[in-house]
Structure formats: structure tokens, C-alpha cells
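Enquirer: Here's a structure for you.
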């Protein structure tokens with residue numbers, strides 16, 4: 001009973017965050033869905049071994065490792081590689097937040113694409129740090145623990161991510 | 001003597017750029033916020049950079065927050081639930097039995113304690129009464145000291161929560 005409740009609470013609290021992280025890392029909706037499912041199934045299977053108070057860190061570390069594995073597999077099998085254009089189309093097809101104004105819809109859709117691509121284009125390591133900070137709301141120290149890197153490197157990487165995004169989105173305004 | 005290289009007016013120093021980004025994303029220190037606030041009032045360049053960085057931060061965060069896990073995933077994960085144990089399941093009977101025995105044992109000990117403990121002797125000497133009064137006063141003084149410490153900590157916390165944080169947030173809004 002306790003296990004079920006705790007598990008469902010964890011799923012409810014973290015499913016969006018895990019999905020977002022996988023979505024931007026893998027740049028593919030279907031892969032992000034699969035990743036989220038697999039990670040939460042793994043959480044269920046390893047529930048007894050995991051320290052529940054550190055479940056958030058466990059989820060983030062597992063999601064990160066899972067995404068890195070997928071990216072490496074893609075690099076080996078180039079035919080499965082998802083190109084940037086596909087990511088654009090996927091994002092453009094999202095029906096969320098559509099209003100009756102077609103011009104506004106087009107602008108919003110374009111902006112979403114631009115932001116998704118700007119985040120998606122960040123180098124892997126920089127993107128990981130940026131997403132952990134922005135998506136998960138993790139602190140620099142927590143990110144340093146999960147990614148096994150010095151805290152100062154996390155800060156510098158975060159700054160680089162912001163600068164790069166600033167550059168990417170400068171011409172969209 | 002070598003001339004000092006002139007700073008280009010259209011380029012921000014790396015430190016200032018870092019401060020502006022930190023302010024825009026809302027995780028700058030109070031000191032950085034004050035510096036950026038002061039400089040942005042005098043420099044159009046800094047003000048523009050700050051506005052742009054804020055807009056980027058806002059757009060990015062808004063877009064990231066829009067990405068949500070599809071319901072299909074939640075539905076799929078619904079199946080990972082422990083089956084509810086029925087009342088007749090032996091595990092439940094063991095729990096009920098253990099609980100009942102525990103409560104009965106506790107009740108028995110409480111009754112025996114009341115029955116067998118001898119009533120206290122009320123014939124106390126004057127010295128004993130004075131000693132007991134003194135000890136009680138000391139205990140109360142100790143509790144008072146503790147309460148004062150706690151009150152002091154609480155007021156410090158209140159200063160942080162109701163003064164420092166709102167001030168910080170107000171400054172955030174200005175930036």
C-alpha cells in the first residue's frame with residue numbers, strides 16, 4: 001500500500017520533468033515517451049533498493065544515462081538518427097494553446113520551433129546542465145553530484161548555455 | 001608607453017554580461033542585482049542587454065513549461081500498482097492479531113502499575129518542601145531560557161521571511 005502510494009506520488013511529481021528532459025535531449029517525442037515509461041518502470045522494479053528521499057536525484061541520473069545511451073546508439077546506427085527538421089515538424093504539430101487567430105498561431109508555433117531548436121542545438125553536456133537547472137529546478141551542487149563534475153564547471157557550463165541561447169534567439173526578436 | 005586598449009562601446013564586459021544573465025534568470029546575488037540596476041539606469045546598452053536576456057529567459061521557460069508528458073504514459077504506468085490485499089489475506093490477520101495482542105499487553109501493564117504502585121508518602125519535612133520548590137523554580141527558569149532562545153530564533157527567521165525575501169523579490173521585479 002505504502003509502496004503503491006509513494007510510487008504514484010513520484011510518478012505524478014516527476015513525470016513531466018523526466019519527459020521534458022528526455023524530449024530536449026533526444027529531440028523526438030516518441031523516444032521521449034518511451035524513455036519516460038522505461039525510467040518509471042525501472043523505478044518500480046528497483047523501488048526497494050532506492051532511497052526514496054533521494055528519488056529525484058536517482059530519476060535524474062537514470063534519465064540522463066538513458067538519454068546518453070540512446071544518443072550513442074543513434075550515432076552508431078545513423079539511419080535512426082532524428083534530424084533537426086523532424087524535431088521542428090513535431091513541435092509545430094503541437095495543438096496546445098492554439099487560438100482563433102491564425103497569424104498569432106503561426107507566430108507562436110514558429111517561436112516554439114525556434115526555442116526548441118535553440119535548446120536542442122546546445123551541445124550535449126551544456127544541454128544536460130541547462131535542463132537539469134531549468135527543468136528539474138536542481139541546484140548547482142545537485143547537478144554537480146548527478147553529472148559528477150565540479151560545481152564551478154556546472155556554473156560555467158550554465159553561463160555558456162545562457163549565452164548560447166541568447167545568441168540563438170537574438171534574431172527572433 | 002603603450003596606450004591602454006579602448007573599450008568598444010557596443011560590447012559588454014564578460015563580467016557584466018554574466019551579471020546581466022544571472023539577473024535576467026533570477027539567480028543573481030543581491031550585490032549583482034544592485035550593480036546591474038545601477039548601471040542599467042545610466043547605460044542604454046546595459047538596459048537593452050538586460051531586457052533581451054529577460055525576454056529570452058521568459059520565452060525559454062514558458063516554452064519548456066509547455067512541454068508535458070502525454071497522458072498515454074500515465075495510463076501505461078497505472079498498471080504498476082501493488083494489488084490491494086483482501087481482508088482475509090493471512091498477512092492482514094497476522095497484523096490484526098499482533099496489534100490486538102500489543103494493545104492488550106499495554107493495557108495490562110498500565111493496570112498492574114496502577115494497582116501495585118504504593119501511594120506517595122505525604123509527610124514531607126520543611127527542608128524537603130523547600131528543596132522541591134527550589135528545583136521546580138530552577139526547572140522553570142531553564143524552560144524560560146529555552147523559550148527565549150526559541151523566540152529569538154523565530155524572530156530571526158521572521159526577519160528573513162518577511163523582510164529580506166520580500167525585499168529580494170521586489171528587487172527582482174525591478175530588474
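Enquirer: Test residue B:13 against the criterion of being modelled with pLDDT under 90 and surrounded by fewer than 18 Cβ atoms within 10 Å (Cβ to Cβ), and give yes or no.
Expert: On the way: modelled with pLDDT under 90: yes; surrounded by fewer than 18 Cβ atoms within 10 Å (Cβ to Cβ): yes.
When the stated conditions are applied, residue B:13 passes them.
Enquirer: Here are B:149, B:172, B:153: which of them is at pLDDT 80 or above and either in contact with a strand residue (DSSP E or B) (Cβ under 9 Å, 6 or more places away or on another chain) or closer than 30 Å to residue B:32 by Cα (or both)?
Expert: Numbers: B:149 fails: either in contact with a strand residue (DSSP E or B) (Cβ under 9 Å, 6 or more places away or on another chain) or closer than 30 Å to residue B:32 by Cα (or both); B:172 fails: at pLDDT 80 or above.
Selected residue: B:153, the only one of B:149, B:172, B:153 that is at pLDDT 80 or above and either in contact with a strand residue (DSSP E or B) (Cβ under 9 Å, 6 or more places away or on another chain) or closer than 30 Å to residue B:32 by Cα (or both).
Enquirer: Go through segment A:1-30 and give me each residue that's within 9 Å of chain B (Cβ to nearest Cβ), within 20 Å of residue B:63 (Cβ to Cβ) and either crowded, with 22+ Cβ neighbours inside 10 Å or in contact (Cβ under 8 Å) with a residue 40 or more places away in the chain (or both).
Expert: A:17, A:18, A:19, A:20, A:23, A:24, A:29
Enquirer: Checking residue A:145 against (1) away from chain B (no Cβ under 14 Å); (2) modelled with pLDDT under 85: exactly one of these is not met. Which one?
Expert: If we test residue A:145 against (1) away from chain B (no Cβ under 14 Å); (2) modelled with pLDDT under 85, just (2) comes out false.
Enquirer: Considering segment A:148-158 alone, what residues qualify as being within 11 Å of chain B (Cβ to nearest Cβ) and crowded, with 18+ Cβ neighbours inside 10 Å? Can you show your working first?
Expert: Here is the first cut: in segment A:148-158, the residues within 11 Å of chain B (Cβ to nearest Cβ) are A:155-156, A:158.
Result: A:158, single match.
Enquirer: Further, regarding this structure: What number of residues in segment B:53-71 are farther than 20 Å from residue A:133 by Cα and either facing chain A (nearest Cβ under 7 Å) or in contact (Cβ under 8 Å) with a residue 40 or more places away in the chain (or both)? So that I can check it myself, show each step before the final result.
Expert: In the first step, residues of segment B:53-71 are kept if they are farther than 20 Å from residue A:133 by Cα; the result is B:70-71.
Next, from what is left, pick out any that are either facing chain A (nearest Cβ under 7 Å) or in contact (Cβ under 8 Å) with a residue 40 or more places away in the chain (or both): B:70.
Within segment B:53-71, residues that are farther than 20 Å from residue A:133 by Cα and either facing chain A (nearest Cβ under 7 Å) or in contact (Cβ under 8 Å) with a residue 40 or more places away in the chain (or both) number 1.
Enquirer: Scan segment B:15-26 and report the pairs whose first residue is within 11 Å of chain A (Cβ to nearest Cβ) and whose second residue is crowded, with 19+ Cβ neighbours inside 10 Å and outside any helix (DSSP H, G or I), with Cβ atoms within less than 6 Å and a gap of 6+ or a chain change.
Expert: Listed pairs, sorted by first residue: B:22/B:28.
The values are calculated or read from the model by the stated rules, or taken from the named source; none is laboratory data. All values derive from a computational prediction rather than experimental measurement. Virtual Cβ from ideal backbone geometry, glycine too; neighbours counted across all protein chains shown.
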